[in-house]
């Protein structure tokens, strides 16, 4: 038996004016990356989810690329309902075999709720999760609970019980409202795809605040599953500070070191820290032998217990002969960000008699910061000699010691 094909929509078409941000809140930074990037990472990394499409506003294409890279997207409508409909219609257009990500997916005309000609098409999708980009901290456990509930329901929503006393009134306290059986509803909301699509295509009522209302109005059964306090929505300026505080409680700091050595030989180019340095000798190795980037790469891999540079780029593999070590460094960084991690600081010490590192320190720092998408003050570069002792003291090679500090998600929710 094959697992049902599952897709996810992230609704990110709003302007976020209430957040106080100068840019739409879904693209504002949170914990070192865009708000949108947090939920995109969680959904795309979940083993049960086969495809993710982001619904964006017109003119937000560049902001989307900056936030999450080249991903499938569709342009939303004038309301949240029409934006979701655009995403659902886009999912009926199955990706062609071998087609890569980063394309605008056609949704047809969704300016109203009329069903397009391809009314029976589902694109092979059987289940769909619909998520608001303004809820960045989505755990795999919430996704698991939602998908499990679809075994015997048309839909499922994460919910938190209401703990506060509820009362009516404008300026004076009125009657209290019983809070038994009251819940705060979150996203993502999960549905049988055909049910969600039909509910959106056939909607004729007032603008709904979520998709579960539409499925229930169409006769569907929607389950409540345990939500997560981490899924609080970012709406107002103070919510960003609260979100940073919530993120801090889930992140664990890790530090690891890396060390590398390469021989100096006549006839080789000298690359250090991603910068070509004029010298009468260069470092010899299978790649470009950039000892600085190799040490940092190993330090980054160490923070997530992902082996060493040789594990990912074996020197026995001819494809890495003469390779630019920048790609090794960026690969290690991507493994950290794919796990929801944040690189905080990199410290590098170069050990050699020659060349003098001082004149090239700033260029190396800027290059490493650029490769890791860090600020320059998050990269430290130092140099020392070994008082003419050992192979570095005799000018036979260069050694590099690096340390990296990162934050990675920890604990379960």
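The values are calculated or read from the model by the stated rules, or taken from the named source; none is laboratory data. Since the model is a prediction, treat every value here as computed from it, not as a measurement. Counting neighbours? That spans all protein chains shown, and the Cβs are built from the backbone with ideal geometry, glycine included.
Might you check whether a residue that is assigned by TED's automatic domain parsing to the domain that holds residue 270, within 18 Å of residue 270 (Cα to Cα), touching a helix residue (DSSP H, G or I) at 6+ places or on another chain (Cβ under 6 Å) and part of a helix (DSSP H, G or I) occurs anywhere in the stretch 357-365? Don't jump to the end; show me each part of the working.
Here is the first cut: in the stretch 357-365, the ones assigned by TED's automatic domain parsing to the domain that holds residue 270 are 357-365.
If we keep only those that are within 18 Å of residue 270 (Cα to Cα) as well, we get 357-365.
Okay, now just the ones that are also touching a helix residue (DSSP H, G or I) at 6+ places or on another chain (Cβ under 6 Å), so 365.
Still in the running and part of a helix (DSSP H, G or I): 365.
Within the stretch 357-365 (the criterion being assigned by TED's automatic domain parsing to the domain that holds residue 270, within 18 Å of residue 270 (Cα to Cα), touching a helix residue (DSSP H, G or I) at 6+ places or on another chain (Cβ under 6 Å) and part of a helix (DSSP H, G or I)), the answer is yes, since at least one residue qualifies.
So that you can scan it fast, the table gives a plain yes or no per residue for (1) assigned to a loop (DSSP other than H, G, I, E, B); (2) surrounded by 15 or more Cβ atoms within 10 Å (Cβ to Cβ); (3) at negative phi:
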residue: 288; (1), (2), (3): yes, yes, yes
residue: 294; (1), (2), (3): no, yes, yes
residue: 297; (1), (2), (3): no, yes, yes
residue: 300; (1), (2), (3): no, yes, yes
residue: 307; (1), (2), (3): yes, no, no
residue: 314; (1), (2), (3): yes, no, yes
residue: 333; (1), (2), (3): no, yes, yes
residue: 345; (1), (2), (3): no, no, yes
Here are the criteria: (1) at pLDDT 95 or above; (2) outside the structural domain of residue 305 (by TED's automatic domain parsing). Tell me which single one residue 293 does not satisfy. (2)
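Are any of the residues in the stretch 381-396 within 19 Å of the chain's Cα centre (by Cα), touching a residue at least 24 places away in the same chain (Cβ under 8 Å), closer than 17 Å to residue 274 by Cα and not assigned by TED's automatic domain parsing to the domain that holds residue 29? Spell out the reasoning first.
The first filter runs over the stretch 381-396 and keeps only residues within 19 Å of the chain's Cα centre (by Cα), leaving none.
The answer is no, given that none of the residues of the stretch 381-396 is within 19 Å of the chain's Cα centre (by Cα), touching a residue at least 24 places away in the same chain (Cβ under 8 Å), closer than 17 Å to residue 274 by Cα and not assigned by TED's automatic domain parsing to the domain that holds residue 29.
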Can you name every residue in the stretch 379-393 that is in contact with a helix residue (DSSP H, G or I) (Cβ under 7 Å, 6 or more places away or on another chain) and farther than 30 Å from residue 333 by Cα? 386, 387
Can you work out which of the residues in the stretch 170-202 that are surrounded by 22 or more Cβ atoms within 10 Å (Cβ to Cβ) and assigned to a loop (DSSP other than H, G, I, E, B) is farthest from the chain's Cα centre (by Cα)? 186
Which number in (1) surrounded by fewer than 19 Cβ atoms within 10 Å (Cβ to Cβ); (2) farther than 20 Å from residue 31 by Cα marks the one condition that residue 368 misses? (1)
Would you mind finding the one in 256, 243 that is outside the structural domain of residue 138 (by TED's automatic domain parsing), more than 29 Å from residue 145 (Cβ to Cβ), in contact with a helix residue (DSSP H, G or I) (Cβ under 9 Å, 6 or more places away or on another chain) and in contact (Cβ under 8 Å) with a residue 12 or more places away in the chain? 256
What are the residues in the stretch 120-169 that are under 23 Å from the mean Cα position of the chain (by Cα) and farther than 20 Å from residue 9 by Cα, if any? none
Quick test for you: out of 134, 113, pick the one residue that is in the same structural domain as residue 56 (by TED's automatic domain parsing), part of a loop (DSSP other than H, G, I, E, B), modelled with pLDDT under 90 and out of contact with any strand residue (DSSP E or B) (no Cβ under 8 Å at 6 or more places or on another chain). 113
Number of the exception - residue 410 against (1) touching a helix residue (DSSP H, G or I) at 6+ places or on another chain (Cβ under 7 Å); (2) touching a residue at least 40 places away in the same chain (Cβ under 8 Å); (3) over 25 Å from residue 263 (Cα atoms); (4) surrounded by 14 or more Cβ atoms within 10 Å (Cβ to Cβ): (4)
Just one of (1) out of contact with any helix residue (DSSP H, G or I) (no Cβ under 7 Å at 6 or more places or on another chain); (2) at pLDDT below 95; (3) in the same structural domain as residue 331 (by TED's automatic domain parsing) trips up residue 286, so point out which. (1)
Restricted to the stretch 15-37 and to residues being surrounded by fewer than 22 Cβ atoms within 10 Å (Cβ to Cβ), at pLDDT 80 or above and touching a strand residue (DSSP E or B) at 6+ places or on another chain (Cβ under 9 Å), the residue farthest from residue 342 (Cα to Cα) is 28
Those residues of the stretch 241-276 which are buried (at least 18 other Cβ atoms within 10 Å of the Cβ), on the phi < 0 side of the Ramachandran plot and part of a loop (DSSP other than H, G, I, E, B), in sequence order: 270
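Just need a number here: residues in the stretch 151-165 that are farther than 30 Å from residue 83 by Cα and either out of contact with any strand residue (DSSP E or B) (no Cβ under 8 Å at 6 or more places or on another chain) or surrounded by 12 or more Cβ atoms within 10 Å (Cβ to Cβ) (or both). Write out each step before concluding.
Applying the first criterion (farther than 30 Å from residue 83 by Cα) to the stretch 151-165 yields 163-165.
Then keep just the ones that are either out of contact with any strand residue (DSSP E or B) (no Cβ under 8 Å at 6 or more places or on another chain) or surrounded by 12 or more Cβ atoms within 10 Å (Cβ to Cβ) (or both); that gives 163-164.
Residues meeting the conditions: 2.
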